[in-house]
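> Pasting in a structure now, in structure tokens, and then I'll have a few things to ask.
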Amino acid sequence: MAFRLCETCASRFGKSGGISRLENEKECHICRGSLANSERLAKEALASSAEFEWSTFSVASSFQQSVFVREEEVADSLAPGMFTSMKNSLNSYFSEKIAAATGKKNAQRFAEASFEFDFISGKASARPAPAYVFGRYLKLSRKHCQSRWHCSGCGGRGCDACGGSGQNYPSVEDEIGKVLLGAFGGRSCTLHASGREDVDVRSLGTGRPFVMEVKSPKKRGVDLAALEREMDDNPNVRVAGLKGVKPHFVDAVCNSHFDKEYSALVSAERKLGTADAKLVDGLSGAFLFQQTPKRVLARRADLERRRKIYRVSAREEGDGKLRLCIFAEAGTYIKEFIHSDQGRTKPSVSELLGCNTVCEELDVVGIRDFFLETIVD
Ligand SMILES: [Zn+2]
Ligand SMILES: [Zn+2]
């Protein structure tokens, strides 16, 4: 018995006997004529790829499972292990077509455009892969949160409580996002950052490392230095060192933990002076035992962690307040180090000075992230 195959399917079995070639593709034992759509699908996908900028592409195609079953049946009987599979042969067919039509390169990893050929629905399209931009942000505001934080009253739809914004606070994500979205012509974006600061904490110095993921970008050749300059006018959030990176950099940044320097303004129930500052200096080199702060207990497990205060120096700031410069191990809760969190952090500035203390203002002034530069490529 001979298998009746279309020209395209027959060609994948080389010179094997046992095949009779068909004029009417619809009768093909393997593809039932679906491959006859290949050229139309290639045109469709190329047309949709013209709507955005890209320089490398990947190809994927999907078929009904029964097609593979029938292909295997033919292969087992005629040419076990000696044929080119439908998926491979179609993917190279499309890959060659796209390369010939556009002069661009196939790159299965990190491709900027993904072409999908669906022989089940008979549709094809090209979609832009997200763009990833690394940088460091400065947060100059004590009223911005890091990521979009939906208003608890309305869940993001907008209500009187949030002034219609749908957000509890304006966010770093949106401030950077609107500039990048505009330039890339993207649909939405997500901020991935190395840790986060509280809403009332500023991030100064060289800034906090982040990767912004821009989804569905229409453009890629974006002048990032111009975007940095554009954000220089933003009173709340600035960015520096913008650079396009590969997707895996998101994990590298999100899973990073760095030692940090802080500046804290501390007041107490009594006036603090030089003698107190001297005492505080003595905490340099101390190991803290920090029970998970009460304010984050709802989200984090209650456990004790040990963190080192590498260095702390204090001076009188006037008004009976102290200015503390603190260099601490990654993951130290600084506000708790100051007010003790009702004894859950030991030692603490409060315990040492024998009075209740308050961290009035806190700024991150340095993140020791220099190693990031070495892996950014
Ligand atoms: Zn066929
Ligand atoms: Zn609301």
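> Of all residues in segment 19-51, which are within 43 Å of the chain's Cα centre (by Cα), in a loop (DSSP other than H, G, I, E, B) and either within 16 Å of ligand 2 (Cβ to nearest atom) or hydrophobic (A, V, I, L, M, F, W, C) (or both)?
Within segment 19-51, ILE30, CYS31, ALA50 qualify.
> Considering only residues of segment 154-204 that are within 16 Å of ligand 2 (Cβ to nearest atom), under 30 Å from GLY221 (Cα atoms) and open to solvent by 50 Å² or more (accessible area, probe 1.4 Å), which is modelled with the highest pLDDT?
Among them, the one singled out is ASP174.
> Would you confirm whether or not segment 248-255 contains a residue that is of a type in the set (Val, Ile, Thr), out of contact with any Gly (no Cβ under 8 Å at 6 or more places or on another chain) and touching a residue at least 12 places away in the same chain (Cβ under 8 Å)? Quick ask: steps written out before the conclusion?
The initial filter retains those residues of segment 248-255 that are of a type in the set (Val, Ile, Thr), namely 250, 253.
When the remaining residues are screened for being out of contact with any Gly (no Cβ under 8 Å at 6 or more places or on another chain), the result is 250, 253.
Now restrict to residues that are touching a residue at least 12 places away in the same chain (Cβ under 8 Å): 250, 253.
Yes, the conditions are met somewhere in segment 248-255.
> Are any residues in segment 288-326 aliphatic (A, V, I, L, M) and closer than 15 Å to ASP259 by Cα, and if so, which ones?
Taking segment 288-326 first, the residues aliphatic (A, V, I, L, M) are 288, 296-298, 301, 303, 309, 312, 314, 322, 324, 326.
Once the filter is applied, which keeps residues that are aliphatic (A, V, I, L, M) and closer than 15 Å to ASP259 by Cα, segment 288-326 yields LEU288, ILE309, VAL312, ILE326.
> How many residues are touching a strand residue (DSSP E or B) at 6+ places or on another chain (Cβ under 8 Å) and more than 8 Å from ligand 1 (Cβ to nearest atom) if we restrict to segment 8-21?
Within segment 8-21, the subset touching a strand residue (DSSP E or B) at 6+ places or on another chain (Cβ under 8 Å) is 10, 13, 18-21.
Restricting the remaining residues to those that are more than 8 Å from ligand 1 (Cβ to nearest atom) gives 13, 18-21.
So the count comes out to 5.
> What pairs can you find where one residue is in segment 125-154 and in the same structural domain as LEU242 (by TED's automatic domain parsing) and aromatic (Phe, Trp, Tyr), the other is part of a strand (DSSP E or B) and within 16 Å of ligand 2 (Cβ to nearest atom), and their Cβ atoms are less than 8 Å apart, with a gap of 6+ or different chains?
From segment 125-154, the pairs are TRP149/GLN167; TRP149/SER171.
The values are calculated or read from the model by the stated rules, or taken from the named source; none is laboratory data. A quick note: this is a predicted structure, and the numbers were derived from the prediction, not measured. Cβ sites come from the backbone with ideal geometry, for glycine too, and all protein chains shown count toward neighbours. For accessibility, only protein heavy atoms count, side chains too; no ligands or nucleic acids. Shrake-Rupley method; radii C 1.70, N 1.55, O 1.52, S 1.80 Å.
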